[in-house]
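These notes are about the structure you will find just below.
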Amino acid sequence: MELADRSVVVVGSGFGGLSTACYLADAGADVTVVEKNEQLGGRASVLERDGFRFDMGPSWYLMPDVFERFFGHFGRTPGDYYGLEHLDPHYQIFFKDGAPPDGAEPSSGRGPRDSDAVTITADREATKATFEEYEPGAGAALDAYLDEAEETYEIGMEHFVYEDRPRFRDYVDLDVFRHARGLTFLGSMQGHVEDYFDHPKLQQIMQYTLVFLGGSPKNTPALYNLMSHVDFNLGVHYPVENDDEDGASRGGMGVVVDGIAELGAELGVEYRTDAEVESVLGSAGNFRVETEDGVLRSDLVVSDADYAHTEQELLPPQSRQYDADYWESRTYAPSAFLLYLGVEGDVDPLEHHTLVLPPDWNDHFDGIFEDPQWPDDPAYYLCVPSETDETVAPEGHSNLFALVPVAPGLEDGPETRQRYRDLVLEDIAENTGVDLRDRIVVEERFCVSEFADRYNSTKGSALGLAHTLRQTGPLRPGHRSSEVPGLYFTGSFTTPGIGVPMCLISGQHTADAVLEDYGR
């Protein structure tokens, strides 16, 4: 099918919007992407300060097969736009209790006291040996768990992710039931992981990826055990620009944004930044998209902006599918307290990706989903791209950010931020042995308010709708508007959900819906 002579405005340039724009332009549409902020990429923005460059949002390049499939649709490969470095180790975990496995030698040189640190590498046998230190038989259990995760990934991706099933009736199919037998739909990730591992630290290792889905072990369906296949089997990568003449290869997720935007430009997509959309009026064949710097008219509109913001703020009341009570009743993924830090000297022994986890993280998750509050003993993530990429910091300096998942909607005034900033830096020093406090030369903070202001994010969520059982598959908001012909949605609120790879696939689903409705 083709969309020749159809004009489309895409509101927002996150990965969902950029992806949809490419598919629609490839089908012949005249596509214009309008972006509120000064750069493309949505939450995958880049912050540059005094020689430091930070990925402000996504920092893990996972599921390389999804990117290969995306570029392959257009007869390209990711390598036409950027390269990939396989990170080894994949990541490191510091456990705050400082207690190594029974009978194991404590880690030394890790901090002011002996601590328990685990490094996950690409070597499966080494990882199995690490698991065995914590629990006899855990190495074999890891093999069994990852075998199931791989099967879930292959079945789930092919039949329930790449193939959109937005309505319950789409599941009433013998072929669906045949494939679904290989999947675990019901139950939580907590219960599923407990079937394989008893030691709480091993359970944490298998569950930390739920942060990428905006959920907790208690509220995320067991189906998402597939993330362990992504982690352990497919590996963790770092994107870099293809080598230029001087050999300095700029890296980070911003490189991926640039690559997809370049592909879109080759297909005929026009981009407009610093153009916040104020309203979307009309319907198919006669849309009026009002922005700060003028009016765009189009046949069709796709919104990659926050779904709730689009409905509640950009559309007139008669054009909305859901009321305010609906959006208030949803479970939102966490927001985040972020510190972007430029630091003198090195930050050994931190790796490119480092996690710091308390002995019991239930209190932290409860403080996000059950009783919203700032966590006293947080679980958090440290990203240190300067361990891999010398271009992100001046010589003799390190670049890192600290990310603490927090409840969306929290008050985050100046006093709260300062108090929490001090708490996090002290916690890093105590539990990793890396004291940053007297070496910081660049510091920027980003929290609930900035997610709301910069990205029009509901309640300041960093990700959108969480992947709870009641917000998975056909229970997520649809790609088509049921009230406005010609209006579509893409991105993390829709299927298949949260995460950069999922948003790329969401773009294809949205484009397919447009083609089904208006293609020739």
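Of the residues PRO78, PRO58, PRO64, only one is touching a Lys or Arg at 6+ places or on another chain (Cβ under 8 Å), outside the structural domain of VAL343 (by TED's automatic domain parsing) and buried (at least 18 other Cβ atoms within 10 Å of the Cβ); which? Walk me through it before giving the result.
Values: PRO78 fails: touching a Lys or Arg at 6+ places or on another chain (Cβ under 8 Å); PRO64 fails: touching a Lys or Arg at 6+ places or on another chain (Cβ under 8 Å).
Every option except PRO58 fails the conditions.
Residues being of a type in the set (Gly, Ala, Ser) and surrounded by fewer than 21 Cβ atoms within 10 Å (Cβ to Cβ): count how many of those fall in segment 189-214.
Residues meeting the conditions: 1.
Being exposed (fewer than 15 other Cβ atoms within 10 Å of the Cβ) and without any contact (Cβ under 8 Å) to a residue 40 or more places away in the chain: is that true of ALA222 here?
So ALA222 does not fit the description; no.
Residues that are hydroxyl-bearing (Ser, Thr, Tyr) and surrounded by fewer than 24 Cβ atoms within 10 Å (Cβ to Cβ): list the helices (runs of 4 or more DSSP H) wholly contained in segment 323-432 that include at least 2 such residues.
324-329, 414-432
Could you list, in sequence order, the residues of segment 488-520 that are in a helix (DSSP H, G or I) and aromatic (Phe, Trp, Tyr)? Give the derivation first.
First, the residues of segment 488-520 that are in a helix (DSSP H, G or I): 500-518.
Of everything in segment 488-520, just one residue is in a helix (DSSP H, G or I) and aromatic (Phe, Trp, Tyr), namely TYR518.
State all residues of segment 444-487 that are of a type in the set (S, T, N, Q), in a helix (DSSP H, G or I) and at pLDDT below 95; if no residue qualifies, say none.
Residue satisfying the conditions is GLN471 alone.
Show the residue pairs meeting these rules: Cβ distance below 8 Å; 6+ apart or different chains; first residue within segment 41-64 and under 19 Å from ALA275 (Cα atoms); second residue polar (S, T, N, Q) and crowded, with 24+ Cβ neighbours inside 10 Å.
GLY41/SER13; GLY42/SER13
Tell me, which residue of segment 177-234 that is aromatic (Phe, Trp, Tyr) and in contact with a strand residue (DSSP E or B) (Cβ under 9 Å, 6 or more places away or on another chain) is modelled with the highest pLDDT?
Per the stated criteria, the residue is PHE232.
Name the single residue that is nearest to LEU18 (Cα to Cα) among those in segment 264-279 being aliphatic (A, V, I, L, M) and in contact with an Asp or Glu (Cβ under 8 Å, 6 or more places away or on another chain).
My answer is LEU267.
Condition first: surrounded by fewer than 21 Cβ atoms within 10 Å (Cβ to Cβ), in contact (Cβ under 8 Å) with a residue 40 or more places away in the chain and of a type in the set (Ser, Thr, Tyr). Can you find one or more residues in segment 478-487 that meet it?
yes
Assess whether GLY254 counts as being surrounded by 18 or more Cβ atoms within 10 Å (Cβ to Cβ), over 23 Å from PRO317 (Cβ atoms) and touching a Phe, Trp or Tyr at 6+ places or on another chain (Cβ under 8 Å). Step through it out loud before you land on a result.
Numbers: surrounded by 18 or more Cβ atoms within 10 Å (Cβ to Cβ): yes; over 23 Å from PRO317 (Cβ atoms): yes; touching a Phe, Trp or Tyr at 6+ places or on another chain (Cβ under 8 Å): no.
Here the answer is no, as GLY254 does not meet what is asked.
So is VAL240 within 23 Å of ILE155 (Cβ to Cβ), at pLDDT 80 or above and among the hydrophobic types (A, V, I, L, M, F, W, C) or not? Write out each step before concluding.
Details: within 23 Å of ILE155 (Cβ to Cβ): no; at pLDDT 80 or above: yes; among the hydrophobic types (A, V, I, L, M, F, W, C): yes.
Spelling it out, it is not the case that VAL240 is within 23 Å of ILE155 (Cβ to Cβ), at pLDDT 80 or above and among the hydrophobic types (A, V, I, L, M, F, W, C).
Residues GLY268, GLY264: which one is in contact with a strand residue (DSSP E or B) (Cβ under 9 Å, 6 or more places away or on another chain) and on the phi > 0 side of the Ramachandran plot?
That would be GLY268, the only listed residue that is in contact with a strand residue (DSSP E or B) (Cβ under 9 Å, 6 or more places away or on another chain) and on the phi > 0 side of the Ramachandran plot.
Just checking, does segment 25-34 include any residue being part of a helix (DSSP H, G or I), assigned by TED's automatic domain parsing to the domain that holds VAL289 and not charged (D, E, K, R)?
Among the residues of segment 25-34, at least one is part of a helix (DSSP H, G or I), assigned by TED's automatic domain parsing to the domain that holds VAL289 and not charged (D, E, K, R), which makes the answer yes.
The values are calculated or read from the model by the stated rules, or taken from the named source; none is laboratory data. Worth saying up front: this structure is predicted, and the values here are computed from it rather than measured. Positions of Cβ are generated from backbone atoms using ideal geometry, with glycine treated the same way; all protein chains shown enter the neighbour counts.
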